[in-house]
1. Based on Cα positions only, what radius of gyration and what Dmax would you give for the stretch 13-120, in angstroms?
2. Too long at a 25 Å Cα-Cα cut-off: which of K248/K299; K53/K102; K102/K237?
3. Using only the alpha-carbon atoms of the stretch 163-326 as identical scatterers, what base-10 log of I(q)/I(0) does the Debye formula give at q = 0.08, 0.10, 0.11, 0.21 Å⁻¹?
4. What are the residues whose amide H is under 5 Å from the amide H of E128, where those residues sit 5 or more places off or on another chain and H is modelled from the backbone?
5. Among residues other than R320 whose Cβ falls under 15 Å from its Cβ, what is the net charge (Lys/Arg +1, Asp/Glu -1)?
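What follows draws every value from the coordinates through simple rules; no lab data is involved. Bear in mind the structure is a predicted one, so any value in this text is a computation, not a measurement. Please note: Cβ atoms are built from the backbone with ideal geometry, for glycine as well, and neighbour counts cover all protein chains shown.
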Amino acid sequence: MQAGEPAGPSEDKVVAVTDSTGKKLIRRTFIYRDQVAPVLKAKCYNCHSASKKKGGLRLDSEAFIRKGGKNGSVLVAGNPARSKLFSYLLLPEGDDRHMPPKGKLQLSRQELAIIQNWIQRGASFKEEIEEILQSGDDQPVATLPLLPADSSHATAAIPQEPELEAALLSKPVNVPDQQILQRLKAQHVSLTKMSSGSEYLSANFVNTRDFNAETVQTLQGIQNQVVRLRLTGQPVKDSDVKHLAQFKNLTRLNLENTQITDSSLELLATLPNLEHLNLYGTSVTDEGLARLAGSPNLKVVYLWQTKTTPEGISRLRKARPDIKVETGTQQLAKPDTNKVQLNDSK
């Protein structure tokens, strides 16, 4: 299997529509495209795609996933425990049926949760549209959790919406410059409002082409509005991160599989509202990690496939026991193989 970036929660779009009963909110999500497919591409395509079909199984399109392998289906919509696509991931690494094979890069807890949740919700390959109930002040009163509460496997719990971020979103902010927004959209930067009627934004660079330093510099014009920023997989360098110094409202930052080093962590530790920081697949070391101990509101940092060591992580945990450090090595509950028939081999 080949290494790749972990998939985070998709950027839900919440829009207002009006019918004969008045205004209502709908949420658009595309879990397969935005979450599941990136995980499969990163961890499974090397053995299960057009170039190699181990066990007669391909996972690089809806048609092939539904078809299954030489011994039948690998997906049972609504039932992760009966879906070999998920249950094989939880088998002991010494089991011949465990996927990915022993010695290959394994799925993180977050990635396992994504696969489980997608199957539990019906394994849809299409964009989903949900109506969100509203209170009198037009704020959503119910949201859809990423991981079902009745999950039969002990996969990672998805953090609840940060209180700090919620407080931040309640404060007024100016309308962003529309010309800047248009320039960013022309570069395929996905800009999503954090909530209906809000001017705070989530900016996602995952589909940006021909990324360069000027792309990040353009963001500086809306530095007060950007709350979440995803630069996953782009050739981001320490010199680019310097442009984020004034992003005082930034709460979540994804820098997976970028070219940053310890130098960037010194700056990031000064961001007053940063709560979630993903450093997967970067060259950060224990030296940079120590700088995060000074980050005032950091709650979660993702460190798998970095150059940090258990000793460095232990020192951070001792200095800041309130920070949750994810290294991708947590143990998961094993499936009950007495109840699940596993006859296929990927």
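1. Considering the stretch 13-120 through its Cα atoms, Rg and Dmax are 16.9, 60 Å.
2. From the list (K248/K299; K53/K102; K102/K237), the Cα-Cα distance tops 25 Å for K102/K237.
3. -0.22, -0.35, -0.42, -1.41
4. Those qualifying (amide H under 5 Å, at least 5 residues apart or on another chain) are T29, F30, I31.
5. Here the charged neighbours net out to +2.
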